[in-house]
1. Run down B:ASP191, B:ASP145 and say which single residue is in a loop (DSSP other than H, G, I, E, B), open to solvent by 30 Å² or more (accessible area, probe 1.4 Å) and among the charged types (D, E, K, R).
2. Name every residue in the range B:263-284 that is acidic (Asp, Glu) and either in contact (Cβ under 8 Å) with a residue 60 or more places away in the chain or more than 20 Å from B:ALA216 (Cα to Cα) (or both), in order of residue number.
3. For the range A:130-142, give me each residue that is touching a Lys or Arg at 6+ places or on another chain (Cβ under 7 Å) and in a loop (DSSP other than H, G, I, E, B).
4. Just to check your reading of the model, which residue among B:ALA131, B:ALA80, B:ALA161 is within 13 Å of another protein chain (Cβ to nearest Cβ) and either closer than 30 Å to B:VAL267 by Cα or among the hydrophobic types (A, V, I, L, M, F, W, C) (or both)?
5. Go through (1) among the hydroxyl-bearing types (Ser, Thr, Tyr); (2) outside the structural domain of A:THR36 (by TED's automatic domain parsing); (3) not in a loop (DSSP other than H, G, I, E, B) and name the single condition A:SER182 misses.
6. Which ones in the range A:40-72 are of a type in the set (Gly, Ala, Ser) and free of Cβ contacts under 8 Å to residues at least 60 places away in the same chain?
7. What are the residue pairs meeting all of these: first residue in the range B:12-24, first residue free of Cβ contacts under 8 Å to residues at least 40 places away in the same chain, second residue small (Gly, Ala, Ser) and crowded, with 20+ Cβ neighbours inside 10 Å, Cβ atoms under 7 Å, and 6 or more apart or on different chains?
8. Please go through the range A:3-33 and pick out each residue that is within 9 Å of chain B (Cβ to nearest Cβ) and within 25 Å of A:PHE247 (Cβ to Cβ).
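The values are calculated or read from the model by the stated rules, or taken from the named source; none is laboratory data. Keep in mind the model is a prediction, meaning the values are calculated, not measured. Note that each Cβ is placed from the backbone with ideal geometry, even for glycine, and that neighbours are counted across all protein chains shown. Heavy atoms of the whole protein, side chains included, go into the accessibility calculation; ligands, DNA and RNA do not. Shrake-Rupley method; radii C 1.70, N 1.55, O 1.52, S 1.80 Å.
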There are 2 protein chains.
Amino acid sequence: MRTVYVNGEFVPEDEAKVSIFDRGFLFADGVYEVTTVLDRKLVDFFGHRARLRRSLGELNIVLDLTDEQLLDIHRQLIAANDLDEGIIYLQVTRGAADRDFVFPPEDTPVTTVLFTQAYSVIDNPLAQRGAKVVSVDDKRWSRCDIKTVQLLYPSLAKMEARSKGADDAWLVRDGLVTEGSSNNAYIVTRDGTIVTRDLSNLILHGITRRAVLECARNLQMKVEERPFTIEEAQGAREAFSTSASGFVSPVVQIDGKPIGDGSVGSVARQLREVYIAEMRKSAI
Amino acid sequence: MRTVYVNGEFVPEDEAKVSIFDRGFLFADGVYEVTTVLDRKLVDFFGHRARLRRSLGELNIVLDLTDEQLLDIHRQLIAANDLDEGIIYLQVTRGAADRDFVFPPEDTPVTTVLFTQAYSVIDNPLAQRGAKVVSVDDKRWSRCDIKTVQLLYPSLAKMEARSKGADDAWLVRDGLVTEGSSNNAYIVTRDGTIVTRDLSNLILHGITRRAVLECARNLQMKVEERPFTIEEAQGAREAFSTSASGFVSPVVQIDGKPIGDGSVGSVARQLREVYIAEMRKSAI
């Protein structure tokens with residue numbers, strides 16, 4: 001039985017509830033973050049906390065917790081759940097109020113929920129064999145830069161991928177790949193350049209994306225932030241994705257076509273190793 | 001204190017809770033309906049129930065309630081809350097499961113929630129004075145035909161309207177009006193034709209829209225279902241919106257420009273009266 005955090009209290013998971021009037025439940029009016037835990041420490045916590053503050057600001061949700069309190073809650077959850085490796089999920093919503101498209105009064109208490117998930121983030125089978133992905137139309141809203149809980153479409157895309165025997169979906173808007181269903185998407189061109197979609201309102205500004213691109217540049221790899229098509233990806237030397245819980249995850253097949261020789265590429269493998277080593281050093 | 005329905009039980013509203021692991025809360029993985037109550041009876045209940053079944057089907061959510069049970073719960077809520085006039089809100093989600101973009105096992109119990117809101121749906125000040133609306137970019141996802149709880153953007157649009165001194169927002173995609181923030185949008189051209197966006201994945205298939213268009217045709221009014229621009233709307237003789245709780249609601253100003261002579265139009269007024277009379281007769 002996990003111990004989770006709900007609005008100031010640490011409670012058993014089966015007692016962790018929110019009102020049916022919570023705007024997270026009725027309007028998807030909330031934001032979230034997922035922070036990875038390695039060796040009982042938080043990976044890139046400051047990056048996630050800063051993005052949380054930005055998402056909240058974009059939606060005018062005022063969180064009643066200080067930076068220090070946020071860190072403290074994360075650490076208390078690690079201790080309470082004896083969490084060595086896994087993730088901590090955090091969600092903040094505009095709180096509970098009678099249903100109205102108009103926001104409730106500004107003094108309405110926000111809802112803050114955190115819980116842990118324990119699993120092996122390092123020993124991930126997908127990192128060994130590489131993922132098969134399929135392309136799916138990107139039908140999401142146009143503010144994917146805000147990390148909201150409007151996740152129905154990514155969930156549907158993931159299910160469509162599974163129904164086609166693949167592991168994940170890459171989303172395509174106007175003929176160009178935006179990102180994966182819950183990760184950023186990359187290719188490595190024949191000349192060794194790492195290409196990933198440039199930042200805009202159409203993709204999530206990945207915390208892991210930023211750290212991995214920094215690793216790549218430190219390794220003197222060439223990086224281009226620009227759109228690419230599924231066809232360019234299918235002709236690439238390698239492909240991979242990044243996310244907080246997946247780190248760097250190789251992609252070996254797109255819409256049934258093998259990428260490169262169909263096995264995990266050397267750039268993805270090296271970046272995964274270097275990123276994990278960096279994060280082990282800097283985790284807090 | 002309202003009595004509300006949560007997963008088979010009628011409970012006081014302050015005890016009405018769902019798990020923080022509910023997919024409605026974490027993924028906006030749920031659908032809803034709003035049915036109006038007039039004279040303690042349900043307006044167009046069969047239409048709402050049929051659309052609910054369609055929305056659930058599109059998302060592969062299997063509701064464990066029969067048609068008769070759904071009707072019975074609505075009626076019990078009217079009785080328990082002594083509800084003469086207002087609405088009944090219903091939401092069904094894919095249920096609670098540990099967080100994963102992949103759907104939980106199919107035997108996971110869905111979450112079903114219903115609650116009432118009492119207010120005067122007939123004596124609505126906006127029906128007297130007409131609404132001011134502003135145009136807002138339609139940044140929603142591309143499956144607006146499914147009535148999901150991904151309502152953050154409509155809520156933001158409504159707030160943008162309020163910040164500009166208006167009552168509501170009309171959403172514009174690729175230069176063409178799709179619908180209002182929580183209603184379908186109409187104009188009446190100079191020659192008396194009622195124009196509203198044709199049905200597609202880009203708009204909600206309004207139950208009230210269908211009934212009002214039937215009223216219009218019975219009154220020998222000409223109806224065209226096609227896209228229109230904000231400019232055409234500003235030059236129209238009248239404008240109005242329809243929704244379950246708003247019935248037919250006149251619109252008298254769009255982006256600061258008065259529509260017609262800036263007062264409530266005769267077509268909107270007549271349609272409102274005829275629709276309400278029809279619904280009083282057919283409510284169950």
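1. B:ASP191
2. So the first thing to find is which residues in the range B:263-284 are acidic (Asp, Glu), and the list is B:273, B:278.
Listed by number, the list holds a single entry, B:GLU278.
3. A:ASP138, A:LYS139, A:TRP141, A:SER142
4. Numbers: B:ALA131 fails: within 13 Å of another protein chain (Cβ to nearest Cβ); B:ALA80 fails: within 13 Å of another protein chain (Cβ to nearest Cβ).
Unique residue meeting the criteria: B:ALA161.
5. Here A:SER182 meets the rest and fails (3).
6. Matches in the range A:40-72: A:ALA50, A:GLY57.
7. Final answer for the pair search is B:ILE20/A:ALA16.
8. Passing the criteria: A:VAL4, A:TYR32.
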